[in-house]
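A short write-up of the structure that comes next.
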Amino acid sequence: MYVVISESEQDTVKLGEKVAKQLKKGDVVALSGDLGTGKTAFVKGLAQGFGIDEYITSPTFTLVQSYKGPGFNLHHFDVYRISDEEELFEIGFEEYLYEGDICVIEWADLIQNLIPPRSVWINFERLEDGENKRRITVKGLGTK
Ligand SMILES: Nc1ncnc2c1ncn2[C@@H]1O[C@H](COP(=O)(O)OP(=O)(O)O)[C@@H](O)[C@H]1O
Ligand SMILES: [Mg+2]
């Protein structure tokens, strides 16, 4: 486990790029933390780290947005608005997890029991001492 203090959106994007270098096909990255703490900014960094230059936004209404990466797809989920897990089964959530692609899930804590145990968990928290400060805690990366 390690903790990073991010002082800006750019810092958070950079962390995403760094984490991208440590991921491999089949990995699942579960993101937790309140609205506006930088989860989507982090996913922008992940995408940049994979050389994906598409514009990344939270797929809040569509639940998932997929991007073509180098030798795999990056599936970006945001489950903030789901009212029950059935909606995820309908879009084939579990198949996405086991296709050998990379999945990143915003608000993963809302569906904890559907997240594989092997996943990397990253928590985002706002810090009191500065509008742009975030504490980002990374668990399960490089320890598998
Ligand atoms: N250290 C930081 N890391 C990430 N975003 C930050 C940071 N400081 C300020 N921000 C701002 O907070 C917002 C984070 O938005 P976003 O990444 O969409 O959050 P989330 O996906 O967690 O709701 C952006 O407007 C960004 O500019
Ligand atoms: Mg978001």
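The values are calculated or read from the model by the stated rules, or taken from the named source; none is laboratory data. Here the structure is a predicted model, which is why all the values come from computation and not from measurement. A quick note on method: Cβ atoms are made from the backbone with ideal geometry, for glycine too, and the neighbour counts reach across all protein chains shown.
Observations on the model:
- Inside the range 63-80, residues that are within 13 Å of ligand 2 (Cβ to nearest atom) and either part of a loop (DSSP other than H, G, I, E, B) or surrounded by 21 or more Cβ atoms within 10 Å (Cβ to Cβ) (or both) make up a count of 6.
- Residue that is farthest from Gly69 (Cα to Cα) [pool: residues in the range 24-44 that are surrounded by 21 or more Cβ atoms within 10 Å (Cβ to Cβ) and away from ligand 2 (no atom under 13 Å from the Cβ)]: Ala30
- Filter result (in contact with a Leu (Cβ under 7 Å, 6 or more places away or on another chain), of a type in the set (A, V, I, L, M) and assigned to a loop (DSSP other than H, G, I, E, B)) within the range 17-62: Ile52
- Selected residue [aromatic (Phe, Trp, Tyr) and touching a Lys or Arg at 6+ places or on another chain (Cβ under 8 Å)] from Phe77, Phe61, Phe42: Phe61
- Residue match in the range 85-96 (condition: outside any loop (DSSP other than H, G, I, E, B), touching a strand residue (DSSP E or B) at 6+ places or on another chain (Cβ under 8 Å) and either at pLDDT 95 or above or hydrophobic (A, V, I, L, M, F, W, C) (or both)): yes
- Count - residues of the range 81-102 that are surrounded by 14 or more Cβ atoms within 10 Å (Cβ to Cβ) and within 16 Å of ligand 2 (Cβ to nearest atom): 1
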